[in-house]
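A quick write-up on the structure given underneath.
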Amino acid sequence: MRKTVVVALFAFTVPCALFAQGTVAAPAAPSPLKRTMLQTKALISNPGREAITARAELSVGGAAPRHTHSGEEIGYVLEGTAVAEVQGQPDRTLKAGDTFFIPPNTPHLVRNTGTVVWIAVSTYLNELGKPLATPAPKP
């Protein structure tokens, strides 16, 4: 019984001490952005590029991190209200029924300013083999 208590105490104390010292990372907060890939197809008319269609859901009060795409983003808002901050353009409010266009390699982010999840469907005309999004530094 004594060994069991000592082992149990050790098993609890060591991880707690490591966590308190920063050795073990705290669980990451869930991302406010959920992206669901709907389709990816190589473009026949433009070799070296692909069309990616994705649904984005951005939680209330959440912001997609500032990022770029290697090709154009053409989108349609299904639900909610958000503000798009696109480098070189004035901020723009995007609500259900609005469309938007983001040029290639242009840093941008979207912030949900509404009271419901912001949902949009976008098609990206990216370079084949490049990641969908690449983090962009703050201005």
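Brief remarks follow.
- Put simply, when 87-94, 75-82, 40-47 are sorted by average Cβ atoms within 10 angstrom per residue, most first, you get 75-82, 87-94, 40-47.
- Phi-derived couplings, Karplus 6.51 cos²θ - 1.76 cosθ + 1.60 at θ = phi - 60°, listed residue by residue for the stretch 48-64: x, 10, 9, 9, 10, 10, 9, 9, 10, 10, 10, 5, 4, x, x, 9, 6 Hz, with x used for Gly and Pro.
- Database remark: amide H of Asp98 closer than 5 angstrom to the amide H of Val77 (H placed geometrically; neighbours at sequence offset of 5 or more, or on other chains; Pro and chain starts carry no H).
- Taking a straight Cα-Cα cut-off under 16 Å and skipping sequence neighbours fewer than 8 places away in the same chain, the aspartates and glutamates within cross-link reach of Lys138 are Glu85, Asp91.
- Percentage of interatomic Cα-Cα distances in the stretch 33-135 larger than 16 Å: 54 percent
- Sequence-distant aspartates and glutamates (8 or more away, or on other chains) whose Cα lies within less than 12 Å of Lys95: Glu79
- In this label model, Lys95 and Thr53 are separated by 2.7 nm, measuring between points 7 Å along each Cα→Cβ vector.
- Whichever aspartates and glutamates have a C-alpha closer than 16 Å to that of Lys130, once near sequence neighbours (fewer than 8 apart) are set aside: Glu50, Glu72, Glu73
- Derived scalar couplings between HN and Hα for the stretch 88-101 equal x, 10, x, 4, 9, 7, 10, 10, 3, x, 7, 10, 8, 9 Hz in order, rounded to whole Hz, by the Karplus curve 6.51 cos²θ - 1.76 cosθ + 1.60 (θ = phi - 60°), x for Gly and Pro.
Coordinate-derived values only; no laboratory data. Bear in mind the structure is a predicted one, so any value in this text is a computation, not a measurement. For neighbour counting, all protein chains shown are included, and Cβ atoms are generated from backbone atoms with ideal geometry for every residue, glycine included.
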